1. Within the stretch 2-32, can you find the residues that are under 14 Å from Lys153 (Cβ atoms) and either near the ligand (Cβ under 7 Å from one of its atoms) or polar (S, T, N, Q) (or both)?
2. Search the stretch 115-133 for residues being loosely packed, with under 13 Cβ neighbours inside 10 Å and charged (D, E, K, R), and hand back the single one that is nearest to the chain's Cα centre (by Cα).
3. Only one residue in Ile38, Ile50 is within 17 Å of Ala166 (Cα to Cα) and of a type in the set (A, V, I, L, M, F, W, C), so which one is that?
4. Quick check, is Glu149 at pLDDT 65 or above, closer than 17 Å to Leu86 by Cβ, surrounded by fewer than 21 Cβ atoms within 10 Å (Cβ to Cβ) and in contact with a helix residue (DSSP H, G or I) (Cβ under 9 Å, 6 or more places away or on another chain)?
Amino acid sequence: MAKKYDLLYKLLLIGDSGVGKTCLIIRFAEDNFNSTYISTIGIDFKVKTIEVEGKKIKLQVWDTAGQERFKTITTAYYRGAMGIVLVYDITDEKSFENIQNWMKSITENASSGVSRMLLGNKCDIEAKRKVSRETGEKLAKDHGIRFFETSAKSSINVDESFLALALDILQKSSKKQGPTGREVKITSNTEKKASKCVIL
Ligand SMILES: Nc1nc2c(ncn2[C@@H]2O[C@H](COP(=O)(O)OP(=O)(O)OP(=O)(O)O)[C@@H](O)[C@H]2O)c(=O)[nH]1
């Protein structure tokens, strides 16, 4: 049987418990949202195929438990990931401060060339915001990585962010094979511009 995709990328979501990792994955893979909080036990994954630059890419998105007691299990999955998504909750300052620790955990456990991205989730609850967009942007800039504010609940920037990360990985691997001379910019919902990526 013919393969239904050209590439398989493994992505991993990390961040404090309750920031919305599971909800982001469910929004991306199933376009659904449930406000009942069921904390992830250990690790789980969902798949979704997208098309980027004419290539069908199967994304295997791994969801980790944010609770400290699962750390030994979850860090074992860092090594196989090609992209790691660091998530904090814009209404929870502690979850933002902890991003530094999650970054450290990536350095200690992931492959050196892994693509990273920072997401400030729950941007639909503006009234309870504790972390400004600028603060999030600055941290991402300091680490040289992409940044989006997202809402799994209101479906803001969820597809855009996953597509951007897939594109980063694709461009990184094609650079290894030689320069393509092409630059593609992913734009967020708020910028209201089309990107060159398609959700299948
Ligand atoms: N308002 C709002 N609530 C959200 C959003 N994303 C997640 N939530 C809520 O936040 C709670 C935690 O979401 P989860 O996705 O389970 O969080 P998690 O990061 O996977 O948590 P662990 O599995 O414990 O690591 C749930 O009650 C969700 O409904 C969002 O974008 N906006």
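The values are calculated or read from the model by the stated rules, or taken from the named source; none is laboratory data. Everything numeric here is computed off the predicted structure, so don't read it as measured data. Here Cβ is always computed from backbone atoms with ideal geometry, including for glycine, and neighbour counts include all displayed protein chains.
1. Gly18, Val19, Gly20, Lys21, Thr22, Cys23, Leu24, Asn32
2. Out of the qualifying residues, it is Glu126.
3. On the way: Ile38 fails: within 17 Å of Ala166 (Cα to Cα).
None of the other options fit; the residue is Ile50.
4. On the way: at pLDDT 65 or above: yes; closer than 17 Å to Leu86 by Cβ: yes; surrounded by fewer than 21 Cβ atoms within 10 Å (Cβ to Cβ): no; in contact with a helix residue (DSSP H, G or I) (Cβ under 9 Å, 6 or more places away or on another chain): yes.
Spelling it out, it is not the case that Glu149 is at pLDDT 65 or above, closer than 17 Å to Leu86 by Cβ, surrounded by fewer than 21 Cβ atoms within 10 Å (Cβ to Cβ) and in contact with a helix residue (DSSP H, G or I) (Cβ under 9 Å, 6 or more places away or on another chain).
This table checks each residue for (1) touching a residue at least 24 places away in the same chain (Cβ under 8 Å); (2) in a helix (DSSP H, G or I); (3) in contact with a Pro (Cβ under 9 Å, 6 or more places away or on another chain).
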{"residue": "Val131", "(1), (2), (3)": "yes, no, no"}
{"residue": "Gly136", "(1), (2), (3)": "yes, yes, no"}
{"residue": "Lys141", "(1), (2), (3)": "no, yes, no"}
{"residue": "Phe162", "(1), (2), (3)": "yes, yes, no"}
{"residue": "Ala166", "(1), (2), (3)": "yes, yes, no"}
